[in-house]
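Trainee: Shown below is the structure under consideration.
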Amino acid sequence: MNYKEENGIAIINIDKDINSTNIDDFRKILDEIKEKDILKIIFDFHNIDFVLSEVFGLLIATLKRVRISEGDIIICGVSNKLMRIFQITRLDKVIDIVDNVNSAKKRL
């Protein structure tokens, strides 16, 4: 799990399931992005089937923080299994979900 910044957009590459062994890494990345005051964030969930429920809370907190300052977050690369969770929690109604990073960049 890592991130890079491109043209004022943070792109978080989530390359494995987020569980109790790596949730702190996810939090640390979000804290770094917050400290840098980056307001446009792409979460790339490619090849991920599982995330702790805590991740959804962190996504909502991040969404609220950036939207206050006219930023936004976009999620991409979501598996069918993970998409079902986004639908059940209705997060797909408040966060844009697109196919890939290029599509996400165009929306931001």
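Trainee: When you scan the range 33-48, do you find a residue that is under 13 Å from the mean Cα position of the chain (by Cα), at pLDDT below 95 and among the acidic types (Asp, Glu), even just one?
Mentor: Looking through the range 33-48, none of the residues is under 13 Å from the mean Cα position of the chain (by Cα), at pLDDT below 95 and among the acidic types (Asp, Glu).
Trainee: Pull out all pairs, ordered by first then second residue, where Cβ-Cβ is under 7 Å, the residues are six or more apart or on different chains, the first lies in the range 65-86 and is free of Cβ contacts under 8 Å to residues at least 24 places away in the same chain, and the second is outside any loop (DSSP other than H, G, I, E, B) and acidic (Asp, Glu).
Mentor: Sorted first by the residue in the range 65-86, then by its partner, the pairs are Phe86/Asp92.
Trainee: Take Asn100 and tell me if it is at pLDDT below 95 and either in contact with a His (Cβ under 6 Å, 6 or more places away or on another chain) or not acidic (Asp, Glu) (or both). Give the derivation first.
Mentor: Values: at pLDDT below 95: no; either in contact with a His (Cβ under 6 Å, 6 or more places away or on another chain) or not acidic (Asp, Glu) (or both): yes.
Here the answer is no, as Asn100 does not meet what is asked.
Trainee: Please find, within the range 51-108, the residue that is nearest to the chain's Cα centre (by Cα) out of those that are surrounded by 13 or more Cβ atoms within 10 Å (Cβ to Cβ) and among the hydroxyl-bearing types (Ser, Thr, Tyr).
Mentor: So the residue we want is Thr62.
Trainee: Tell me the residue from Asp31, Asp44, Asp49, Asp15 that is charged (D, E, K, R) and in contact with a Cys (Cβ under 7 Å, 6 or more places away or on another chain), please.
Mentor: On the way: Asp31 fails: in contact with a Cys (Cβ under 7 Å, 6 or more places away or on another chain); Asp49 fails: in contact with a Cys (Cβ under 7 Å, 6 or more places away or on another chain); Asp15 fails: in contact with a Cys (Cβ under 7 Å, 6 or more places away or on another chain).
That would be Asp44, the only listed residue that is charged (D, E, K, R) and in contact with a Cys (Cβ under 7 Å, 6 or more places away or on another chain).
Trainee: Across the range 21-71, which residue is nearest to Leu91 (Cα to Cα) among those that are part of a loop (DSSP other than H, G, I, E, B) and hydroxyl-bearing (Ser, Thr, Tyr)?
Mentor: Just the residues of the range 21-71 that are part of a loop (DSSP other than H, G, I, E, B), to begin with: 21-22, 36-39, 45-50, 52, 69-71.
Applying the additional criterion that residues be hydroxyl-bearing (Ser, Thr, Tyr) yields 21, 69.
On the way: Thr21: 24, Ser69: 20 Å.
Step by step, filter the range 21-71, then rank; the result is Ser69.
Trainee: Could you list, in sequence order, all residues of the range 62-79 that are under 15 Å from Asn100 (Cβ atoms) and of a type in the set (S, T, N, Q)? Spell out the reasoning first.
Mentor: The first filter runs over the range 62-79 and keeps only residues under 15 Å from Asn100 (Cβ atoms), leaving 74-79.
Across the range 62-79, the qualifying residue is only Ser79.
Trainee: Oh, and also: Identify all residues within the range 76-103 that are part of a helix (DSSP H, G or I) and in contact with a Gly (Cβ under 9 Å, 6 or more places away or on another chain); write none if there are none. It would help to see each step written out before you state the result.
Mentor: At the first step, the residues of the range 76-103 found to be part of a helix (DSSP H, G or I) are 80-88, 91-93, 101-103.
Val101, the sole residue that qualifies.
The values are calculated or read from the model by the stated rules, or taken from the named source; none is laboratory data. Nothing here was measured: the structure is a model prediction, and the numbers come from that model. When we count neighbours, we look across all protein chains shown, and the Cβ atoms used for this are built from the backbone with ideal geometry, even at glycine.
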